[in-house]
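Structure first, commentary second.
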Amino acid sequence: MEIFHNIVLILAIFCYSMYECKTYGGSRHDVRKFPEGFLFGTATASYQVEGAWDEDGKTENIWDHLTHNNPCIIKDCSNGDIADDSYHLYKRDVEMMRELGLDFYRFSISWPRILPTSFPDKINEAGVQYYNNLIDEMLKYNIQPMITLYHWDLPQKLQEMGGWANPHIVDWFGDYARTVFQLFGDRVKYWITINEPYQVCNQGYGDVVKAPVLNSKGVAEYMCAKNLLLAHARAYHIYDKEFRPNQDGVIFISYSAQWYEPETDKDIEAANDNNDFQWGQYTHPVFSETGDFPPSMRRKIAAKSEEQGYPRSRLPEFTPEEIDYVRGSSDYFGLNHYSTFIVYRNESVYGYHDSPSFADDLEVLTYQKAEWKIGQSEFTKCVPWGFQKLLTRIKEEYNNPPIYITENGFATYGGLEDDDRVTYYKEYINAMLNAIEEGSDIRAYTAWSLMDNFEWMQGYTERFGLYEVDYESPERTRTPRKSAFVYKQILRTRELDMHYEPDTEVMTIDEGH
């Protein structure tokens, strides 16, 4: 009996380890094929790669303002003034896309580069020409542009008027979106309204983790959340009614959603609350049948607000008309995913966080396991089973919406031999294929990132690129890492080969792809 017990224990440990990134496990086959028509891309964002921060009529954004006025709030006291200099090196960027064999490239428009006054009274022709050049160069090689309207670089002028906490931003964003659709929509078929609402609102308005670092906890992030969702819906409806009939594109929003796993069965409610608060507050209003913020959020924040003496909930209410306006306002579910956290709730959480605050409203604690770390960086941990669980939750919660993975990637501290990144990509893509086999309607995968870039508060210390960027060289030389060769093989063959080891001598352009 003891021998049998030991065998069962060994099998249980083995099955658990099959999900851990440090082993080859987790794959059901050595070579797995992707569904017909599945799309592959890479992504960047304007402030992270463009540089030319004040060239050719571009005006200041909130990241320019933050890094110039408080430089060492960034880990290495750096900024995006030059970054990867993609403003001047866009042809090399497109060459890299050709080397990889991308179906699409996701990039963002810099609002103050297009509209230097923040409004459409003045359009900056030099900025328009830059994006026209990039789009046309991509289309020359049949690489589809996927444009994000807002990836965090709000005009500083609008921030001084309240930014996303000002309800008028619904109109401001709508005017900006319409301008961009008019300028580029004849050639662009994929539009993302806003990237990662949680980071915009909760980290920028309710904390000091992103610009504009307002740190107005428990109030400003919720004001931002409602306005942002309405602004997203405004852009969606403008495109849907005014441009889709002639341009025939798609438009959606892109969420940051990590998976939150209960520590024990007693923590299931805590984990559900965490998923509701962290990403459900932005997905539920758009993708659920009922719309509005998740019921758990509304209930908990209303109760906390009453206890704290507020005359009403700190979470703003949507009107019935606004609920209808936001619900269904996304053609696809855009998903940025990186890792997983363990969630628990016990007596130690009460009074642990600042009050009022988002964290105090939620009342959970989280951590990550030491064995999830597979490289030097603390920035991303490798937990592919969490990715699969998240995709399954989205399928079950929202009636299996079509999903575009709009970001997934792994941080290192540099170097061309990035075996940890290769492991991460293989395991996470494998987990995605598991979810597809189980019925999730996943149609595209986007690696973050095409190349190293300015990684927000981490500056240039964390590197996510398939291509390494030499920031010491005036030319900002880009060199493919091992992961670039592996990703190229996946795109070229439309297969995931868990054992593939590339020859990394020369990265060539496969003209036949």
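The values are calculated or read from the model by the stated rules, or taken from the named source; none is laboratory data. The structure displayed is predicted, hence computed values, not measured ones. Methodologically, a virtual Cβ is constructed for each residue, glycine included, from the backbone with ideal geometry; neighbour enumeration extends over all protein chains shown. For accessibility, only protein heavy atoms count, side chains too; no ligands or nucleic acids. Shrake-Rupley method; radii C 1.70, N 1.55, O 1.52, S 1.80 Å.
Among the residues making up segment 239-271, none is part of a helix (DSSP H, G or I) and either within 17 Å of the chain's Cα centre (by Cα) or under 22 Å from residue 200 (Cα atoms) (or both).
A single member of 495, 468 is over 19 Å from the mean Cα position of the chain (by Cα) and closer than 30 Å to residue 82 by Cβ, and it is 468.
So that you can scan it fast, the table gives a plain yes or no per residue for (1) at pLDDT 95 or above; (2) outside any loop (DSSP other than H, G, I, E, B); (3) surrounded by 14 or more Cβ atoms within 10 Å (Cβ to Cβ):
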{"site": "23", "(1), (2), (3)": "no, no, no"}
{"site": "29", "(1), (2), (3)": "no, no, no"}
{"site": "35", "(1), (2), (3)": "yes, no, no"}
{"site": "64", "(1), (2), (3)": "yes, yes, yes"}
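Determine whether residue 459 is open to solvent by less than 40 Å² (accessible area, probe 1.4 Å), within 17 Å of residue 379 (Cβ to Cβ) and without any contact (Cβ under 8 Å) to a residue 40 or more places away in the chain. Judged against the criteria, residue 459 is not a match.
Just so you know, in segment 204-231 the residues that are among the charged types (D, E, K, R) and outside any helix (DSSP H, G or I) include one that is least open to solvent (accessible area, probe 1.4 Å), and it is 210. A count restricted to segment 309-334 and to residues that are farther than 18 Å from residue 201 by Cβ and either open to solvent by less than 60 Å² (accessible area, probe 1.4 Å) or β-branched (Val, Ile, Thr) (or both) stands at 6. Is there a residue being under 17 Å from residue 315 (Cα atoms), touching a residue at least 24 places away in the same chain (Cβ under 8 Å) and among the aromatic types (Phe, Trp, Tyr) anywhere in segment 190-203? Within segment 190-203, one or more residues are under 17 Å from residue 315 (Cα atoms), touching a residue at least 24 places away in the same chain (Cβ under 8 Å) and among the aromatic types (Phe, Trp, Tyr).
Being open to solvent by 10 Å² or more (accessible area, probe 1.4 Å), touching a residue at least 12 places away in the same chain (Cβ under 8 Å) and over 29 Å from residue 91 (Cα atoms) is the requirement here; does residue 398 meet it? Considered against the rule, which asks whether it is open to solvent by 10 Å² or more (accessible area, probe 1.4 Å), touching a residue at least 12 places away in the same chain (Cβ under 8 Å) and over 29 Å from residue 91 (Cα atoms), residue 398 comes out as yes.
Within the set of pairs 6 or more residues apart or between chains, which connect a residue that is touching a residue at least 24 places away in the same chain (Cβ under 8 Å) inside segment 68-88 to a residue that is β-branched (Val, Ile, Thr) and open to solvent by 50 Å² or more (accessible area, probe 1.4 Å) with Cβ atoms less than 8 Å apart? Here the result reads 73/208, each pair linking segment 68-88 to a residue that is β-branched (Val, Ile, Thr) and open to solvent by 50 Å² or more (accessible area, probe 1.4 Å).
Among the helices (runs of 4 or more DSSP H) confined to segment 102-203, the ones with at least 2 residues that are within 23 Å of residue 237 (Cα to Cα) and open to solvent by less than 20 Å² (accessible area, probe 1.4 Å) are located at 111-114, 169-184. Candidates are the residues of segment 335-374 that are open to solvent by less than 30 Å² (accessible area, probe 1.4 Å) and in a helix (DSSP H, G or I); the one that is farthest from residue 293 (Cα to Cα) is 372.
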